2 protein chains.
Amino acid sequence: MRDLVRATEIHLVRRPQGPPVPGDFATVARGIEVSPGEILVRNAFLSVDPYMRGRMNDGPSYVPPYQVGRVMDGGAIGRVIAAPPDSKLRPGQVVLHNLGWRDFATGPEAAFRALEPRPGLSLSTYLGALGMPGLTAYVGLLDVARLQSGEVVFVSGAAGAVGSVVGQLAKLHGAGRVIGSAGSDAKVEHLLRDLHFDAAFNYKRGPVLQLLAEAAGDTGIDVYFDNVGGDQLEAALSLLNVHGRVAMCGAVSRYNAAGPMPGPNNLGLAVGKRLRLEGFLVGDHGPRRGAFLSEVGEALSEGRLRADESVVDGIENMPGAFIGMLRGDNVGKMVVRVGA
Amino acid sequence: MRDLVRATEIHLVRRPQGPPVPGDFATVARGIEVSPGEILVRNAFLSVDPYMRGRMNDGPSYVPPYQVGRVMDGGAIGRVIAAPPDSKLRPGQVVLHNLGWRDFATGPEAAFRALEPRPGLSLSTYLGALGMPGLTAYVGLLDVARLQSGEVVFVSGAAGAVGSVVGQLAKLHGAGRVIGSAGSDAKVEHLLRDLHFDAAFNYKRGPVLQLLAEAAGDTGIDVYFDNVGGDQLEAALSLLNVHGRVAMCGAVSRYNAAGPMPGPNNLGLAVGKRLRLEGFLVGDHGPRRGAFLSEVGEALSEGRLRADESVVDGIENMPGAFIGMLRGDNVGKMVVRVGA
């Protein structure tokens, strides 16, 4: 006789055309079985991330597409409710896993990673500054772009989950100047006042090249951490110094595009300026997780780095949180709190 | 009393708009003085190179622009005619230097590099396969793209001075498959028959993506050595395998463009495929010259590598040789023979 758990899941019911709309999703309640030998977890926080938009399209990618009519997956953190007697996981244990978009998760022990949360930090931090977005910032800035002390860093999407860690981490690693772009004046103000960026601009307020040139002044830029692509990448290519680097993390400006969009018209500058553009996926950089958790965890605990978050309550609001995140409603990491 | 030498120079008389035309140049005869302490060299071969087109424009670049109404400069090889008694250079000595676009060159000893030509090789080889284009191929393929044994290499402009060395060197370094593109059926035939490329196509004969996909078959490509930019870069980005690299050497498809042209519309693929695109200039790689001369010189002497050349006779034909090279008239390195 198996237990039936009353669970709520978010299903993809239609592949979005352009920006996703609420009707692309359905909130589905159902009883789930816990198979013998499996773990049952009650999720506390669910992650919404830009890369999920790509998985809503059909076609080959570096992650398989979501299936229409099925629950999606994604980062989540929760606590074990039930575990088989022979499992190392005990009820109450905090676990990180990839069975998000639902309030209860079941799966084999290998699907869950036990962690001891740092005192004083919200569990949601492990989906943001201490989670995948934070590690993305860490390896992109230090391993891919190989930031050197004294260099000028520009990061787009600077008020987002990844960008806010990139900018702060660059300062902690001795960047000479940190410039951020964001999509509202309020975010720009936040970057300058709360995250101590040296310069920031609202990319909607003029030609990006002009705004970035004003922010960079005479120094140009040495590292561009690219979260958005499009005209911000083009502007960065124009202003990068000789031997500049671009860490290509994502291109949120294009995720909703129906077809191909022209690339930067100045990519040829890479020859004379000996630029390096390098794409990366955080999944390749697992071995850096220990160093990252230690360094960034400590900085967070000591208040030298701030974990920006936008928290939405209720699993039924998850599609709205996702849609809003793609639109830029969030400051820092957007998470959904469930079962509060 | 100083000697007057009757010399012929090619001057830039007008900055080209789009493709250069003969009227942009003038052949000027004048008597040149050899100042005390200077070397006099009679040039044997002059180099025409794609990068010179950029120097004919005004504006900042990695090399200063040519001046209107003045003689240009560029790679050349010749023999010393006269040298001061205290110079290490003796009459008859072969020297490589950058005072091209003229038949007689004068300058301080430091402007000339003495070399001992390998027996059996034309002096012009030191402007091509054993010169700057060859070193460009060598460092771009081995140091920038970091070719690994067994990998698939695609090189555009494959019948040109750089491309023809890239393809042959890739084979010598164990590439699994070498694909080249060129602008005529005759060049394609030459690549397959004489340079032993595994596959080659005429990029004018169809959508490049389709032609490249047919040439690459199921294997995709691992390294793209980019001499042309434009739609060949776009096609390569589509077909590059995970962790593929692009050595960005030049973009001859754009050198004559009047304004910016759209970049590759699929640059965002670099994220998921973790591609690295890296621009480079051969001038940064001087320390590799010794290894290059030894390895490629030996391969040339032993017949394992072929130095393709197109030789034009007469300094008065140099503007035409340059214009023709940009149009793709040459096979291999285009040089002008003077004072034969």
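Sorted shortest first, the distances from the B:R289 label point to those of the same residue in the other copies are 5.0 nm; each point sits 7 Å from Cα along Cα-to-Cβ.
In region B:203-276, taking the dipole from charged Cβ atoms about the Cα centre, the farthest positive-side position among B:A235, B:Q210, B:L275 is held by B:L275.
Counting neighbouring Cβ atoms within 10 Å and putting the fewest first, the residues A:S47, B:S61 line up as B:S61, A:S47.
Within straight-line reach of B:K187, meaning a Cα separation under 16 Å, sit the following aspartates and glutamates at least 8 residues removed in sequence or on another chain: B:D198, B:D308, B:E309, B:D329. Per the Debye formula on identical point scatterers at the alpha carbon atoms of region B:212-340, with no solvent, log10 I(q)/I(0) at q = 0.14, 0.18 Å⁻¹ is -0.91, -1.21. Applying D = kT/(6 pi eta Rh) to region B:95-168, where Rh is the Kirkwood radius over alpha-carbon pairs, T corresponds to 4 °C and eta to 1.567 mPa s, the Stokes-Einstein value obtained is 91 µm²/s.
Can you list the equivalent-ellipsoid semi-axes of region B:184-273, largest first and in whole Å, using the square root of 5 times each Cα gyration tensor eigenvalue?
On the way: eigenvalues 90, 68, 26 Å².
Each semi-axis is √(5λ); the values are 21, 18, 11 Å.
Label-point spacing at B:D86 relative to the other copies reads 9.1 nm, in ascending order, each point sitting 7 Å out from Cα along Cα→Cβ. Angle, helix B:318-327 long axis vs. longest principal axis of chain B, Cα atoms, 0 to 90°, nearest 10? Here the helix axis deviates by roughly 10 degrees. Taken over region B:1-100, the convex hull of the Cα atoms encloses 122 Å³ per residue. Residue order for A:F201, B:F45, fewest other beta carbons within 10 angstrom first, comes to A:F201, B:F45. In this Cβ point-charge picture (+1 for Lys and Arg, -1 for Asp and Glu), chain A has a dipole of about 300 debye about its Cα centre.
Under 1.5 on a/c is rounded, so check that first for region A:132-283, then, if it is not, pick prolate when a/b is larger than b/c and oblate when it is not; a ≥ b ≥ c are the square roots of the alpha carbon gyration tensor eigenvalues. Write out the running numbers ahead of the final one.
On the way: a/c = 1.16, a/b = 1.09, b/c = 1.07.
Judged from the Cα gyration tensor, region A:132-283 comes out rounded (a/c under 1.5).
Legend: ranking of residues A:M248, A:M132, B:M56 from fewest to most surrounding C-beta atoms inside 10 Å; resulting order B:M56, A:M132, A:M248. Placing one equal scatterer on every Cα of region A:40-154 and applying the Debye formula, the log10 ratio I(q)/I(0) at q = 0.09, 0.21 Å⁻¹ is -0.32, -1.15.
Using a 7 Å projection from Cα along Cα-to-Cβ, the label point at A:A213 is separated from the same position in the remaining copies by 4.0 nm, smallest value first. Using only side-chain charges placed at the Cβ, +1 for Lys and Arg and -1 for Asp and Glu, the dipole size of region A:152-220 relative to its Cα centre rounds to 120 debye.
Take the alpha-carbon centre of region B:1-65, take the same for region A:261-308, and report the distance between them in whole Å. About 46 Å separates the Cα centre of region B:1-65 from the one of region A:261-308.
Divide the volume of the convex hull around the Cα atoms of the protein assembly as shown by the residue count and you get 179 Å³ per residue.
Work out the mean other chain Cβ neighbour count within 10 Å for the residues of A:274-287 and drop it here as an integer.
Details: counts 9, 5, 7, 9, 8, 14, 6, 5, 0, 1, 3, 0, 0, 0.
Going residue by residue through A:274-287 and averaging, the value is 5.
When Rg and Dmax are taken over the Cα atoms of region B:258-331, they come to 19.0, 52 Å. In whole angstrom, region A:79-129 maps to an equivalent ellipsoid with semi-axes of 19, 14, 9, each derived as √(5λ) from the alpha carbon gyration tensor and ordered largest first. Taking label points 7 Å from Cα along the Cα-to-Cβ direction, B:R146 and B:Q17 give a separation of 4.7 nm. In chain B, the inverse of the mean reciprocal separation of distinct Cα atoms equals 20.8 Å; this is its Kirkwood hydrodynamic radius.
Computed from the coordinates by the stated procedures, all read-outs in this text should not be read as laboratory data. What you are looking at is a predicted structure, and each value in this text was computed from that prediction instead of being measured. Cβ sites come from the backbone with ideal geometry, for glycine too, and all protein chains shown count toward neighbours.
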